1. Only Lys, Arg, Asp and Glu count, each charged at its Cβ (+1, +1, -1, -1), so figure out the dipole size of the chain about its Cα centre, rounded to 20 debye.
2. How high is the FRET efficiency from Arg73 to Gln306, r the C-beta distance, R0 22 Å, rounded to 0.05?
3. Using θ = phi - 60° and the Karplus form 6.51 cos²θ - 1.76 cosθ + 1.60, what ³J(HN,Hα) does each residue of the stretch 22-34 get, whole Hz, x for Gly and Pro?
4. Based on DSSP H assignment, which helices of the chain show an axial Cα extent of at least 15 Å together with a mean Kyte-Doolittle hydropathy greater than or equal to -0.5?
5. Heavy atoms only, probe 1.4 Å: what % of the accessible area of the chain goes to carbon and sulfur, would you let me know?
6. Starting from the Cα of Glu291, step 7 Å along the direction of its Cβ; do the same at Leu44; then give the gap between the two resulting points in nm.
7. Which percent, nearest 5, of DSSP beta bridges in the chain are antiparallel?
8. Rank Met256, Gly183, Gln162 by how far each Cα sits towards the positive end of the charge dipole of the chain (+1 on Lys, Arg Cβ; -1 on Asp, Glu Cβ) and give me just the farthest.
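The values are calculated or read from the model by the stated rules, or taken from the named source; none is laboratory data. For clarity, every value in this text was computed on a predicted model and none was experimentally measured. Note that each Cβ is placed from the backbone with ideal geometry, even for glycine, and that neighbours are counted across all protein chains shown. With ligands, DNA and RNA removed, areas are computed over all heavy atoms of the protein, side chains included. Shrake-Rupley method; radii C 1.70, N 1.55, O 1.52, S 1.80 Å.
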Amino acid sequence: MRSLSGIKPTGDLHLGNYFAAMKQHIELQDECEGFYFIANYHSLTTVKDADYLRQLTLNVALDYLAMGLDPARACLFRQSDVPEVTELSWILGCVTGKGLMDRATTYKDHVAKGIVPNMGVYCYPLLMAADILIYRSNIVPVGKDQVQHIEFTQDMAGYFNQTYREVFTRPEARLNETPVVPGIDGQKMSKSYGNFIELFGDPKAVRKKIMAIKTDSTPVEEPKNPETCNVFALLKLMATPEETAAWAQRYRAGGMGYGEAKKRLAELYEERFGPRREARARWAARPDDVEDILRTGARKARAVAQAVMADVRAACGIVTAPSL
Ligand code: ADP
Ligand code: TRP
């Protein structure tokens, strides 16, 4: 069983990225053959500064390693070290109707907001499908907002297989128990909404953000509903089930201010991510080792991708000279 996923290097990783995606990637390394990559081609749709993209790409590698991805068990690599994915995305585009791309939510969101999308945004699902299919991935652990892309990938695998012959495996999305993590304003936590809590933020700044999480104005003495509270939603991600149940009871009993829950959340954040911040600094001091890990990962991933591409080219009649 192969699990594959990617994270786009477009900014600092936040709790939404971690709890919905990266945490599962790391947990799955025990059960599955893991292929995890840094989706730097995808970032080109928005990041236009070369030095910044190089830095963000390295940052995602450091984040994965600091959070416990074990390169001996899972394969960590840069998307661009397997350039065959861009070739596959072209081929998939030739069996996919334009109507499917027109239905992509990311593209539709751009149009709805009056932003003129570049062709990278429009064709994004083709490249993502290529990422998944080129490794014959079985499961794709992602957050809820990516599920449509996995459904498109299933469709595209079907279009190719029907047009030519059975080459691709059908992948399935894997969601964790927290498909959407709210930000400090209650909307989906996102880099683009500025409502995020970083994984490796400055401890004081993060504490300030936590203390500023939006809550309702129920007075301290009154009972409160944990299910609609943003602080509780984040607390639940970090506390043990017993502690979560105890907080839920305190909410419902009344006599508790949101400030208390926020303080505990700040502590839990620090307990969980403080040691990881140090681990990250240690990896950051070893850039050559990180590069070695990425190269070893890419070598393994590329071997799989090249074999699948040979099959794809043969199936659709694309001839390339064996060695030029
Ligand atoms: P952002 O919305 O901050 O730009 P990305 O689109 O780069 O985040 O998402 C990277 C991964 O993290 C995806 O698998 C996505 O589903 C997941 N993810 C991001 N934000 C959230 C969130 N608030 N809740 C759940 N999953 C999220
Ligand atoms: N689109 C994903 C995101 O925004 C990143 C991504 C690119 C990805 N290729 C992928 C995720 C392949 C899973 C599988 O988060």
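1. Details: 41 positive and 40 negative charges, 78 e Å.
So the dipole magnitude of the chain works out to roughly 380 debye.
2. Efficiency, from the Cβ-Cβ distance: 0.45.
3. With coefficients 6.51, -1.76 and 1.60, one gets 4, 4, 5, 4, 5, 5, 6, 5, 7, 9, 10, 7, x Hz.
4. Values: long enough: 50-67 (26 Å, 0.48); 119-133 (21 Å, 1.46); 147-163 (24 Å, -0.55); 241-253 (18 Å, -1.29); 258-284 (37 Å, -1.44); 287-316 (41 Å, -0.06).
Membrane-span-like by this criterion, though nothing is claimed about a membrane: 50-67, 119-133, 287-316.
5. Details: 8170 of 15440 Å².
Carbon plus sulfur share of accessible area: 53 percent.
6. 2.2
7. Values: 2 of 17 bridges.
That works out to approximately 10 percent antiparallel.
8. Gly183
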